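S.K.: Starting off with a structure, shown below.
Here, each number is a calculation from the coordinates, and none is a lab measurement. Given the structure is predicted, the values throughout are model-derived calculations rather than measurements. Ideal geometry is used to build each Cβ from the backbone, glycine not excepted, and the neighbour counts take in all protein chains shown.
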Amino acid sequence: MNCHRVPLPDKVAQPKVCHKLSIQNPVADFIFSLRNYWLLRRNLTAYKRGVNKNKECVKMTEKHGNLSIDSDNLFPIIKKWLYSDHDIFYRELISNGCDAITKLKKLDMMGEYSLPADYKGKIQVLVNPDEKTIKIIDNGLGMTADEVEEYISRIAFSGATDFIEKYKDKSNDDQIIGHFGLGFYSAFMVADEVTIDTLSYKEGSTPVHWSCDGGTEYNMEDGDMDDVGTEITLYLNDDCLEFANEYRAREVIEKYCSFMPTEIYLAKENAPEEYETIDKADKRDTDTVIEEIHEDAKYEEKENDKGEKEQVEVSPAKDQLKIVKRPVPLNDTTPLWTKNPNECTDEEYKEFYRKVFLDYKEPLFWIHLNMDYPFNLKGILYFPKINTEYDSIEGTIKLYNNQVFIADNIKEVIPEFLMLLKGVIDCPDLPLNVSRSALQNDGFVKKISEYITKKVADKLIGMCKTDKEAYEKYWDDISPFIKFGCLKDEKFCDKINDYILFKDINDKYQTLPELLAPVADDGKTDAESADASDDTKKAENTDANADSSANTDENKEPEKNTVYYVTDVVQQGQYIKLFKEQGMNAVILDHNIDTSFITQLEQRNDHYKFMRIDADLTESLKDESGADLTEATTTLSEVFKKALNNDKLTVKVENLKNADVASVLTLSEQGRRMQDMMKMYAAGGMGGMDPSMFAADQTLTLNANNELVKYILDNKDSEHVPMFAEQLYYLAMLSNQPLSVDQMTKFVKRSNDIMLLLTK
């Protein structure tokens, strides 16, 4: 049998280069997916095709090996696209410096190294716009030539990880920032060339100079550094010269490094020295004195009580020093969230809020998060005072990892409803990606989010129980957070359900349990009174009716308690007045989130319902002692339907207790809610449905005790009655909703016509 052999793809020969950067396996999965994907796919396809055709002629030897990474192709990818923002190199390089200092301090604590008595860890950033360079200098543990070869020349081999593993039994790793060994290479996003000068703390170490021009080759030789530590120099490319500007550098460092655990100092290289004057008593050992200054006391001639003139000292003698200006760190190494809540004052919390968020309005209150188990999390959440509508509220939650800024408002960690707050959260246990700019998909993140939600709920419940007055004071501002949280999180809603406040028409705040079970005058709740009433009625029933009643009750749905509410205290003022006259109550729900909120509450609780104050007339507003109104209802219904040209209008006639009220318009609750929802969706750009499709059913109730209604009933055939009827209808409508432009124009004209009749 003749076999046609298909040639297999040739292996690509790797050039031999001395001192070549190597890629380590910890990021091989990330890197490999980016490398020549289509070429690999094509070669694999050809390979399979060749194997299939030659399977009868060629017997393949089973082979096991490792994937190889082409650093020539992959290193540019790491440099350019590992990080989303080019300015992040400041964070990465300064973080490495902080780690170097932290490691040295830990070695000192473990007795493996002795720090000088005057040692103070610090990071120096020197910018030189003239030379187009940036230097980042730390006085940490430094590196030997072998360590430079291992941690710098081998990409993704983390010195931090290696240190943690080596000393895991002697030291905790809470303050070690680095993990992946890639941060240093962020420098090549902005630099054409990077050099490292370093001297290890190890006895007998020699200084090392390392350089790389952005390719995959590097040079390493003896250096000339005298002090233990590391100096990294970036020779910026022409597109990134802005980072050598002192003010731009300050902006970026303050963004990413404001709370790093080591002091950071920024200066312009070769800039002239600056000076300041201090009192001689305030001199420090580290101050460089330029000049001693003595000021004599100053006197002025003044008249004493006796009218005599004398010399009075107005300024005492001063001994001052002119010194080289003291450097001021850009960062706060011990931010407020790292402290115990008992150690922090209210003023410190407010000052921290002003400093971080540049908001000079005082926050309402705050929650200090401090958790060590099952994960390490610290932070402060502030509830700001909100003066705008819910949909325009925008908060800021700054996320940190070991005091290193990660991002604003990462949604995986912060519950969505808490995005409206302002605050900081520091969690060293966060599972970050290699660039520390996003979270890995991890169930651990969900646990953090749940913990934050629980702490917020506990704080609110505690305030309601222990400081109800303050809770009521803050309620109007915090209610959007809580209601939105209830809509987004069922567990939060279940926890906070009984501590949601409702402001009533008497300007009092009540919880749902208080609304549903108000205390009666005799000390019994309404529920207890109702039970007693039911018992009395049952006792009065005959035996024959008792069985029937029992069967009916078994099939009857439990009656829901009604909570009446107001959406506009001005427009619905007539209804509020009627309620107050009868000793009835209603709550104010005037926020655009309230419609969705009460709908959810009803769905989750089957023993109560919400009804707007104008949805129906309660029996307590009616006077049942009057005569039969069937005939009056028929007559007036015809008059009003004809006058309004509306056959679908429902007209009722009732004897209302308040004779001053002529007409009341009520709207069906469900129809009106649906209409409101459609309007809200349309306002949010989610149109497509006409809100008028869900028009609420209207009922016009006329008061038989009102003189004007009586006049219309008695003079139904009068030429002016249609005008009076139309005016009554629109007067009732004004208490429900605004009139349209056309309706208002006609309303004003009718009002003028009616007043003209009075002049005749």
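S.K.: Rounded to the nearest 0.05, what FRET efficiency do LEU758 and GLN737 give with R0 = 22 Å and r taken as the Cβ-Cβ distance? Could you check?
M.R.: Numbers: r = 29 Å, r/R0 = 1.30.
The computed FRET efficiency comes out at 0.15.
S.K.: Right, something else. Can you give the net charge of the other residues whose Cβ lies under 10 Å from the Cβ of TYR509, counting K and R as +1 and D and E as -1?
M.R.: Numbers: positive: LYS468, LYS473, LYS503, LYS508; negative: GLU469, GLU472, ASP476, ASP504, ASP507, GLU514.
Once all neighbours under 10 Å are counted, the net charge is -2.
S.K.: Shifting gears a bit: Quick one: putting +1 on the C-beta of Lys and Arg, -1 on the C-beta of Asp and Glu, what dipole do you get for segment 338-499 around its Cα centre, in Debye to the nearest 20?
M.R.: Dipole of segment 338-499, to the nearest 20 debye: 260 debye.
S.K.: Can you put ARG612, ARG250 in order of Cβ neighbours within 10 angstrom, beginning with the fewest? Spell out each step's value before the answer.
M.R.: On the way: ARG612 25, ARG250 14.
Going from sparsest to densest Cβ surroundings: ARG250, ARG612.
S.K.: Once the other residues with Cβ under 14 Å from the Cβ of ALA271 are scored (Lys, Arg +1; Asp, Glu -1), what is the net sum? Please report the intermediate quantities before stating the final value.
M.R.: Numbers: positive: LYS135, ARG250, LYS268, LYS325; negative: ASP130, GLU131, GLU246, GLU269, GLU273, GLU274.
Here the count lands on -2.
S.K.: Would you mind calculating the gained length between ASP227 and LYS508 on full extension (0.36 nm times residue separation, minus the Cα-Cα distance), in nm to one decimal? Could the numbers behind the result be given before it?
M.R.: Working: separation 281, 0.36 × 281 = 101.16 nm, distance 6.98 nm.
Length gained between ASP227 and LYS508: 94.2 nm.
S.K.: With θ set to phi - 60°, apply the Karplus curve 6.51 cos²θ - 1.76 cosθ + 1.60 along segment 280-287 and write out the HN-Hα couplings as whole Hz, x wherever there is a Gly or Pro.
M.R.: 3J(HN,Hα) across segment 280-287, in whole Hz: 4, 5, 8, 5, 10, 5, 8, 6.
S.K.: Considering the options HIS368, PHE383, SER479, tell which one lies farthest towards the positive end of the dipole of segment 338-499, charges being +1 on Lys and Arg and -1 on Asp and Glu at the Cβ, about the Cα centre.
M.R.: HIS368
S.K.: While we're here: What residues qualify as long-range amide H neighbours of ASP426, i.e. H under 5 Å apart, gap of 5 or more or another chain, H built at 1.01 Å from N?
M.R.: LYS378, GLY379, TYR400
S.K.: A further question on this structure: Any chance you could tell me what percent of the C-alpha pair distances in segment 275-324 go past 17 Å?
M.R.: Working: 613 of 1225 pairs.
Above the 17 Å cut-off, segment 275-324 has 50 percent of its Cα pairs.
S.K.: Hey, can you rank 144-151, 339-346 by average C-beta count inside 10 Å, highest first?
M.R.: Values: 144-151: 17.5, 339-346: 10.5.
Output ranking for 144-151, 339-346: 144-151, 339-346.
S.K.: Can I ask one more? Could you compute the net charge surrounding THR230? Neighbours are other residues with a C-beta less than 12 Å from the C-beta of THR230; K and R count +1, D and E count -1.
M.R.: Neighbour charge sum, excluding THR230 itself: -4.
S.K.: Roughly how many debye, to the nearest 20, is the charge dipole of segment 275-324 about its Cα centre, given +1 on each Lys and Arg Cβ, -1 on each Asp and Glu Cβ, and no other charges? Write out the running numbers ahead of the final one.
M.R.: Details: 9 positive and 17 negative charges, 22 e Å.
The dipole magnitude comes to about 100 debye.
S.K.: Can you give the extra length, in nm with one decimal, that the chain gains between ASP285 and ASN497 once fully stretched, where that is 0.36 nm per residue apart less the Cα-Cα distance? Mind dumping the intermediate values first?
M.R.: On the way: separation 212, 0.36 × 212 = 76.32 nm, distance 6.08 nm.
Extra length from ASP285 to ASN497 when fully extended: 70.2 nm.
S.K.: Now for a separate question. Once you charge only the Cβ atoms, +1 for Lys and Arg and -1 for Asp and Glu, what is the size of the charge dipole of segment 715-759 about its Cα centre, to the nearest 20 debye? Kindly include the intermediate steps, with their values, before the conclusion.
M.R.: Values: 4 positive and 5 negative charges, 22 e Å.
Magnitude of the dipole: close to 100 debye.
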